[in-house]
Each structure stands twice: as structure tokens, then as C-alpha cells.
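A.B. asks: Encoded as C-alpha cells, here's the structure I'll be asking about.
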Amino acid sequence: MLCSMSFLCTISDERVIERPVLLVPPADTHKYARGSAMVFSGPALHTGASRLTAQAALAVGAGLVTLVGERDALHEHAAHVTAIMLREEDAHLAIVDERVRAAAIGPGAGVSSHTRDTVMHLLKKGVPLLLDADALTSFENCPAKLFEHLHDQIVLTPHEGEFARLFPAIDLADRRTAARLAAEVSGAVVLLKGPETVVAAPDGRLAVNRHASPWLATAGSGDVLTGLVCGTLAQGHTAFEAACIACWLHGDIGVQGGPGLTADHMVGLIPLVLAECLSEGKG
Ligand SMILES: NC(=O)C1=CN([C@@H]2O[C@H](COP(=O)(O)OP(=O)(O)OC[C@H]3O[C@@H](n4cnc5c(N)ncnc54)[C@H](OP(=O)(O)O)[C@@H]3O)[C@@H](O)[C@H]2O)[C@@H](O)CC1
Ligand SMILES: Nc1ncnc2c1ncn2[C@@H]1O[C@H](COP(=O)(O)OP(=O)(O)O)[C@@H](O)[C@H]1O
């Protein structure tokens with residue numbers, strides 16, 4: 001059973017996501033009880049994005065995070081990370097065992113049949129899963145093949161370009177309606193990124209995050225968001241809740257970070273943002 005720190009997610013009557021309240025983990029918790037997450041790496045020379053994702057997942061409270069990839073890619077990661085574990089990818093993904101509570105794939109993954117195949121394998125494993133960036137674009141020519149296997153514990157996190165590739169028939173002029181339709185069509189939770197981020201569930205729930213800042217428009221910012229969602233999912237939250245909580249935390253990083261914010265620096269701000277959400281903190 002999971003006994004991690006957890007967040008209380010509040011959405012106002014206007015469907016606006018409010019500051020989550022963070023509850024400290026119970027005294028008898030351990031790292032597996034806090035939730036294990038796996039992040040799939042891109043190939044050598046394309047490892048930065050997945051590393052940001054893994055670092056954010058760990059900082060937001062997953063008890064342990066593993067980067068999975070080819071050996072050359074893991075050598076690059078090893079030059080940068082210490083607390084994050086590294087595992088070589090196996091053909092049948094036996095490494096994704098029952099202790100893994102959430103996985104993320106897409107940042108820096110590459111648009112390829114390999115990425116598509118890995119996504120399909122992960123979907124068959126039934127682990128709560130986040131698909132971002134290249135994991136979405138890899139299905140540009142066959143979205144129905146992806147949607148067939150999605151469910152309400154999968155989160156898709158497209159920016160508008162990725163959204164248009166996966167849902168070419170949905171008009172982005174009205175972003176709320178677009179996200180709602182995409183969740184209905186795909187069967188997954190859809191988090192449509194932008195200055196106002198919209199989260200839609202396939203059952204019709206919808207929430208928007210307005211707590212953000214244009215300083216978030218920086219390379220790798222979305223990769224950090226992916227890690228925040230994945231790390232929150234790993235702690236046992238439902239996909240819709242995890243997406244809403246992560247959006248608010250991500251927005252707050254932008255507000256707190258301000259000018260000069262980079263994705264590397266965003267990871268370092270996560271403890272500060274969490275501390276301000278503590279139920280006994282300054283709130
Ligand atoms: N540190 C690292 O290693 C980093 C690695 N990264 C990795 O790089 C890979 C490529 O990801 P990507 O997002 O840069 O490009 P991609 O989606 O292939 O196409 C971009 C095109 O889409 C369009 N577009 C429309 N709306 C848009 C919007 N709101 N935001 C952005 N684009 C929008 C626009 O086209 P336009 O509309 O101008 O014709 C634009 O030219 C991916 O694996 C990612 O994880 C990055 O995360 C950065 C940090
Ligand atoms: N003008 C803005 N105001 C607030 N948030 C923004 C703005 N522009 C981008 N963002 C946020 O920054 C992140 C960018 O993610 P993404 O486009 O995937 O970039 P990357 O692929 O470089 O990580 C998203 O979470 C998005 O909501």
C-alpha cells in the first residue's frame with residue numbers, strides 16, 4: 001500500500017485550480033511506499049529532456065525514480081545524476097515490475113517506431129502512464145492505434161503543436177472545448193499546455209490553471225511539468241488530480257522563479273514551492 005506524502009487538490013466552482021495542500025508522509029513511510037517512477041530516456045545526445053523529467057519526479061516526492069534507456073544514453077545520465085537510478089532498457093520491459101507506480105515517456109524520446117513500440121508495451125503493462133512530446137508525435141499518422149489502448153489513468157500533455165498533430169480534426173480556437181473533446185475522443189486525461197493550461201478528463205471534468213508566468217516559456221519547461229505529473233501519479237493520485245496538482249506547482253515555479261528562469265533552475269525551486277503548500281506552512 002502507498003503511504004506517501006499527498007496533496008489535497010482543490011478546484012474552485014469556476015473550475016480554476018487552486019494551491020494544493022501538501023500533507024507530510026507518515027512517520028513509518030519508506031521509499032517504495034512513497035512511490036516508484038520510471039522515466040524513459042531518449043538516445044545519446046538527446047538525454048537532457050528526460051533527465052529534467054526524472055529530476056522533477058524525484059523532487060516532487062516519488063520515493064525513487066529510474067531512468068531507463070540504451071547504454072550510451074545511460075552513460076550520459078551517469079555524468080549528471082546521482083540519486084536517480086539507471087537501468088538498461090530490455091526488449092519486453094520486464095524492468096517495469098509491479099512496484100512501478102507511474103511511468104513517463106516522450107521528452108527527447110525521438111519520433112520513431114521504437115518510441116511507438118515502447119508506448120504500446122507500457123500501455124499493455126497497465127501502469128499509470130504519462131505521454132508527452134515525441135511519444136505523442138510518434139502517433140501523428142495513426143492516432144486511432146493509440147486511442148484504442150488509452151484509459152482514464154493515462155495523461156497526455158501536448159503543447160498546441162503536438163495537440164494539432166494528434167487531434168487534427170479538433171479546432172484549437174476554444175482551448176477548453178478542444179481539451180474536453182480530446183479527452184472524450186482519446187479516453188485519456190488531456191493536459192493542454194499554454195499560458196492558461198487546461199486539464200480535461202474523459203468523464204467531462206475540466207479544470208484550468210491560471211497560476212503561471214510567461215517566464216515558463218523556456219526550453220525544457222514542459223519536460224519539468226512531465227516529471228511533476230509523473231512523480232505525483234507515482235504517489236497514488238488519480239491521473240486527473242495529478243495533472244491538476246502538477247500544473248499549479250509548475251505555474252508557481254514560474255511565479256517564484258521570475259526573470260532568468262531556466263528548466264535546470266526550475267527543478268531546484270520544487271522544494272520551495274512544496275514547502276509553501278505544506279498544511280502547517282505559511283500557506
Ligand atoms: N533540454 C532538452 O534536451 C530539450 C529537449 N526537448 C525535446 O525536443 C523535442 C522537440 O520538441 P519541441 O517541442 O521543441 O518541438 P516539436 O513538438 O517537435 O515541434 C515544434 C513545432 O511545433 C509547433 N508548435 C505549435 N504550438 C507550439 C507550442 N505551443 N510550443 C511549441 N511548439 C509549438 C511549432 O511549429 P509552427 O507552429 O511554428 O509551424 C514548432 O516549431 C522533444 O523530444 C522535446 O522533448 C525540448 O523539450 C526542449 C528541451
Ligand atoms: N506564456 C506562457 N505563460 C505561462 N506558461 C507558459 C507560457 N508559455 C509556455 N508555458 C508553459 O511552459 C511549458 C512549455 O512546455 P513545452 O512547450 O512542452 O516546452 P518544452 O518542450 O521545451 O519542455 C508548458 O507547461 C506551458 O504551459
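Just so you know, all these numbers are worked out from the coordinates, no wet-lab data involved. Note that this is a predicted model, so its numbers are computed, not measured. As a convention, Cβ positions derive from the backbone with ideal geometry for all residues, glycine included, and neighbour counts pool all protein chains shown.
A.B. asks: Restricting segment 234-267 to residues that are in contact (Cβ under 8 Å) with a residue 24 or more places away in the chain, part of a helix (DSSP H, G or I) and of a type outside the set (A, V, I, L, M, F, W, C), which is surrounded by the most Cβ atoms within 10 Å (Cβ to Cβ)?
C.D. replies: His250
A.B. asks: Further question on the same structure: Restricting attention to helices (runs of 4 or more DSSP H) lying wholly within segment 114-233, give those where 1 or more residues are more than 13 Å from ligand 1 (Cβ to nearest atom) and hydrophobic (A, V, I, L, M, F, W, C).
C.D. replies: Values: elements: 133-137, 143-147, 160-166, 175-186.
So the answer is 143-147, 175-186.
A.B. asks: Is it true that some residue in segment 73-93 is within 13 Å of ligand 1 (Cβ to nearest atom), farther than 23 Å from Met5 by Cα and assigned to a loop (DSSP other than H, G, I, E, B)? It would help to see each step written out before you state the result.
C.D. replies: Our first condition is that a residue be within 13 Å of ligand 1 (Cβ to nearest atom); within segment 73-93, this holds for 73, 76-77, 80.
Remaining after also requiring farther than 23 Å from Met5 by Cα: 73, 76-77, 80.
Cutting the leftovers down to assigned to a loop (DSSP other than H, G, I, E, B) gives us 80.
Yes, there is a match, as at least one residue in segment 73-93 is within 13 Å of ligand 1 (Cβ to nearest atom), farther than 23 Å from Met5 by Cα and assigned to a loop (DSSP other than H, G, I, E, B).
A.B. asks: Right, something else. Hey, among Ala217, Ala173, which residue is free of Cβ contacts under 8 Å to residues at least 12 places away in the same chain and within 14 Å of ligand 2 (Cβ to nearest atom)?
C.D. replies: Within the list Ala217, Ala173, the selection yields Ala217.
A.B. asks: Separate question: Looking only at segment 9-27, decide whether some residue is crowded, with 17+ Cβ neighbours inside 10 Å, touching a Pro at 6+ places or on another chain (Cβ under 9 Å) and within 19 Å of Ser279 (Cβ to Cβ).
C.D. replies: Among the residues of segment 9-27, at least one is crowded, with 17+ Cβ neighbours inside 10 Å, touching a Pro at 6+ places or on another chain (Cβ under 9 Å) and within 19 Å of Ser279 (Cβ to Cβ), which makes the answer yes.
A.B. asks: For Leu274, all conditions in the list (1) within 16 Å of ligand 1 (Cβ to nearest atom); (2) out of contact with any Ser or Thr (no Cβ under 8 Å at 6 or more places or on another chain) hold save one; what is the number of the exception?
C.D. replies: (1)
A.B. asks: Ok, one more. Within segment 51-67, which residues are surrounded by 24 or more Cβ atoms within 10 Å (Cβ to Cβ) and among the hydroxyl-bearing types (Ser, Thr, Tyr)?
C.D. replies: Across segment 51-67, the qualifying residue is only Thr53.
A.B. asks: Separate question: Condition test on Gly48, is it within 12 Å of ligand 1 (Cβ to nearest atom), within 21 Å of the chain's Cα centre (by Cα) and either over 25 Å from Asp117 (Cα atoms) or surrounded by fewer than 22 Cβ atoms within 10 Å (Cβ to Cβ) (or both)?
C.D. replies: yes
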